[in-house]
Each structure stands twice: as structure tokens, then as C-alpha cells.
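Note sheet for the following structure.
The values are calculated or read from the model by the stated rules, or taken from the named source; none is laboratory data. Keep in mind the model is a prediction, meaning the values are calculated, not measured. For neighbour counting, all protein chains shown are included, and Cβ atoms are generated from backbone atoms with ideal geometry for every residue, glycine included. To get the accessible areas, we keep the full protein, side chains included, count just its heavy atoms, and leave off ligands, DNA and RNA. Shrake-Rupley method; radii C 1.70, N 1.55, O 1.52, S 1.80 Å.
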Amino acid sequence: MPKDTLTITDNRTGKTYEVPIENGCIRTHALRQIKVGDDDFGLMGYDPAFLNTANCRSAITFIDGDKGILEYRGYPIEQLAEKSSFLEVAYLLLNGELPTPKELEKFIHLVTHHTYVHENIKTFMDGFRYDAHPMSMLASTVAALSGFYPDAKHTKDEHHRRIQITRLIAKMPTLAAFSYRHSMGLPYIYPDNDLSYVANFLAMIRRIGTATYKVHPTLERALDLLFILHADHEQNCSTTSVRTVGSSEVDPYSAVSAGIGALYGPLHGGANEAVLRMLREIGHVSKIPDFIKAVKSGEGEKKLMGFGHRVYKSYDPRAKVIKRVADEVFEVTGKNPLLDIAVELERIALQDEYFVKRKLYPNVDFYSGLIYEAMGFPVEMFPVLFAIPRTVGWCAQWEEMVKDPEQKIARPRQIYVGAQRRDYVPMDKRAAK
Ligand code: CMC
């Protein structure tokens, strides 16, 4: 009779243990009973970078990396991308269900009316050097918000949690636009509550000398769609950072700021910026074979940026949608000259044994940067454009973590490999190295 258990024999002692299997997992804590003696700490799991460790139960986002499936609360990303709007998706991720028209109207009203930031935030922004990266400005100003909203520390209180979540989602475009304006030496533009979430953000970026800047509807829809695609992606590096920092019961601004820090890295949200730099470095379609050769030989530790994913071992479903949107955007903006290099690079890589064998396919970042550039954003803003929508996922995941009775302060174990106990050596007795 099959049983949902795992039987482990410890060959050091000959003892056998039976460990329950739940949802295809064993609790690694159950290994602690496996000891060679009374003073043994017990068996642990060693899993650097969490390659095979689930850190939580989550009902928010489902990914099947082999089949290229991504679902938010059960809804396929392709359907949401085609039929929904970013704030509707935000509501879904935060609340578990699609909103009714009334619920959506209320949510949009709430978000729209929390877009302003305290005037001192502008002074804070002004403290940065003219060439500060907008991601470092964003991470710092989001962390600073906890100083403006002391009520944010009441993380156990749903009412307080929801206010901070609304503020975070609403203010992120304002802070992002301010960081852009600072780096361009342009005056800050206040939010316009008559505009949609995306149109307001674009207006704060673009308006200059006139209040009548009009966003092209194709570009507004394209950015809204890109925001949908980036809204959540389960336990990635930045979300894990938000959950880990949040597990100390710190306020959500501090936790989300940690997420922005993680997203800044070139292996995560910084990858779309790196893709553009890579395409520029390649410079011409004729140079692609040499570049691929350099990547394969590991020369200069080159990687094909925008390729590969920890979870997707097939085409990233977000990349498929983005490729389609790119054509619509380029019809309005004109084609990004780097597109030809990207398309040819993808074609060659998808036929190359090195990439095929390792299941390396284009990810969400491969084409998104080309769209952002065509829309007039400098590369430094690309990870910022990722951080704005991902704030929704971070908040949903943070709240799920706070409400989960199984969660505690995150505190992994280590395998100590340093020096054994030894006595302090006085300065005059230390041999020169
Ligand atoms: N170019 C060349 N080789 C690669 C690449 C790449 N982009 N990605 C992975 N590999 C190779 C890697 O060298 C290794 O080869 P080998 O087995 O010979 O040592 C093999 O493929 C497995 O790679 P890995 O580093 O063990 O995979 P990982 O799951 O640790 O890394 C990744 C995932 C996304 C960090 C990595 O694929 C990468 O660095 N990609 C480029 C950066 C990028 O596009 N990041 C955006 C990720 S999607 C957006 C997001 O969610 O943040």
C-alpha cells in the first residue's frame, strides 16, 4: 500500500526514519531527528541559493517552468495581458479575486489619491549627485517613507497594512518619475489625478513647459501591459528579500526597499539594462557569431543577457507577449535599430547546441528594454520600470507572509568551515605574512 512518506536509512547508524511527504515536499526540519549521538545537532539540508527549497506556501502566482506557464491567482498571464488592466491585476494579486466594477473603481480612486509625496522627499532627492542611478534614489526614498509614515510599523493590523500598500503602489510612479527628473536636471512634476496610473507616470516623466502633454494611447496600453507582465513572479530574488526583511516585522517600506536593492542587480531587474548595453556592444548583426563564441567560451565571463531563467526551462511566456507588443510600439515610435541584432541573436542562440542543451531561452528582459528605449527611457530607468509594477507583487507577498501563522523571522543555518577555536595572539607575536 503506497504511503505519503519517505523512509530514510542513516548508514552511519543503521537507523531508519519515516518522514511525511506533503505537497511533494518533506519538511527539512524533520531531518533534525536524524543524529549520530545525543550531542549531534541533527541532519540539515544544504541548499545554497534555494535551488530546491520551498520557503513558503503561496496562493498568489503559479509558474510551471518546463511548460512555460505563468498564472496570477489562477488566471493565465496571456489572458490578463489581453483583457485586463494593471490596476485590475493589482487588485487581483492583492485580494485573490478579480474586482467587480465598483471594487475596481474604489481601488483606482484610492491609488489615484495617494500619489503625492511629502514635500521633504523632494529635498531628500536633491541630496543625490546629479548622476546618481535612479534605482539607488528609488530604493533610498522608498526606505525614507517609513520615516514619514510611523503608523507603518503596525504590520499586524490589516487596516494599517492596507494603507501602506495603497501608498506604496500609488507613490512608486511619483518617486520613479522624480528620480528620473533629478537625473535629467529637470523640475519635478506633480501627479495629475485626472490621468490613468500609467498616463500619469508618463506625464510626470515627459511634461515640460506645458500641462497638456498627451500620452499616445498605444504607448499607454503598451506600458500598462508591461506592468501587468512584471507585477509578480513568485519567489524570485527580490520577493524573497522582501519576505526575508519583512519577517523581522519591520514596516513594508523598509522591506520593499530591500526588494528594490535586490532588483537593481544585473542578474535580476538590471538585466534589461544589461541587454541593451550588450546589443550596443555587439553593434552589428555580423558581429553576433563572435559574441556567441565569447559567451560559450566563458571569455570575460560574458553571458547572453536576457537569456536563461532559474525557473523557466522553456520560452518565458512574458517574453512571447512582449515580442508582440514591441511591434505595436515600434509602429508608433519607429523601429529600434537594435531590434535586428536582438532578433538575429535570438535566432542563432535558439539553434546553438550550448543554449539548447542548457535550456536557455529569452526571458522577460530580452525585448522589454528595446521597447523602453523606443519610448524614450534611458537605460538607467529600465529597472525602475520593473520596480513600479513589481511593488504590487512585493506587497501581496509581504502581506501573505505577515498573515501566515507558519512564518517566523527568517534565519537560515550555515555549515561552519572556518578556523577551529584558538587563542588570541598578541600583536608583537604575530608572524608577518
Ligand atoms: N548566457 C550564457 N550562459 C548561461 C546563461 C546566459 N544568460 N544563463 C545560464 N547560463 C549557463 C550557465 O553558465 C550554466 O552553464 P554550465 O552548466 O556549463 O555551468 C548553465 O547555463 C546553468 O546556469 P545557472 O547559472 O546555473 O542558472 P541559474 O538558474 O543560477 O541562473 C539566471 C539564472 C537568470 C541568473 C541566468 O540564466 C543568467 O544570469 N541570465 C542572464 C541574466 C538575465 O537575463 N537575468 C534576468 C532573469 S529574468 C528577470 C527576473 O526574473 O529577474
Completion exercise
residue 232 passes all but one of the listed conditions (1) open to solvent by less than 10 Å² (accessible area, probe 1.4 Å); (2) assigned to a helix (DSSP H, G or I); the exception is number (2)
Exercise for the section: Kindly indicate whether residue 259 is within 16 Å of the ligand (Cβ to nearest atom), crowded, with 16+ Cβ neighbours inside 10 Å and of a type in the set (Gly, Ala, Ser). Expected result: yes
Exercise for the section: Please verify whether region 100-114 includes one or more residues that are hydroxyl-bearing (Ser, Thr, Tyr), within 22 Å of residue 224 (Cβ to Cβ), over 23 Å from the mean Cα position of the chain (by Cα) and assigned to a loop (DSSP other than H, G, I, E, B). Expected result: yes
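In contact (Cβ under 8 Å) with a residue 24 or more places away in the chain, over 17 Å from the mean Cα position of the chain (by Cα) and at positive phi, is that true of residue 408? Break it down stepwise before answering.
Values: in contact (Cβ under 8 Å) with a residue 24 or more places away in the chain: yes; over 17 Å from the mean Cα position of the chain (by Cα): yes; at positive phi: no.
Answer is no for this residue.
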Practice task
Within region 232-256, work out how many residues are hydrophobic (A, V, I, L, M, F, W, C) and within 9 Å of the ligand (Cβ to nearest atom).
Solution key: 1
Handout entry: Only listed residue being touching a residue at least 24 places away in the same chain (Cβ under 8 Å), farther than 28 Å from residue 362 by Cβ and in a helix (DSSP H, G or I), chosen from 272, 200
Key = 200
Exercise for the section: Identify, from the list 303, 323, the residue that is among the basic types (Lys, Arg), modelled with pLDDT under 95 and closer than 17 Å to residue 353 by Cα. Expected result: 303
Problem - Meets criteria (farther than 20 Å from residue 383 by Cα and not in a helix (DSSP H, G or I)) for residue 314 - result: yes
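When only residues in region 14-51 that are among the hydroxyl-bearing types (Ser, Thr, Tyr) and surrounded by 12 or more Cβ atoms within 10 Å (Cβ to Cβ) count, which is farthest from the ligand (Cβ to nearest atom)?
Of the residues in region 14-51, the ones among the hydroxyl-bearing types (Ser, Thr, Tyr) are 16-17, 28, 46.
Pick out the ones that are also surrounded by 12 or more Cβ atoms within 10 Å (Cβ to Cβ) and you get 17, 28.
Details: 17: 31, 28: 21 Å.
Result: 17.
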Exercise for the section: Run residue 326 past the list (1) more than 16 Å from the ligand (Cβ to nearest atom); (2) out of contact with any helix residue (DSSP H, G or I) (no Cβ under 6 Å at 6 or more places or on another chain); (3) assigned to a helix (DSSP H, G or I) and report the number of the one that doesn't hold. Expected result: (2)
Practice task
Tally the residues that are open to solvent by less than 60 Å² (accessible area, probe 1.4 Å) and near the ligand (Cβ under 9 Å from one of its atoms), restricting the search to region 281-318.
Solution key: 12
Practice task
Quick one: in region 56-67, of everything that is at pLDDT 95 or above and not charged (D, E, K, R), which residue is most open to solvent (accessible area, probe 1.4 Å)?
Solution key: 62
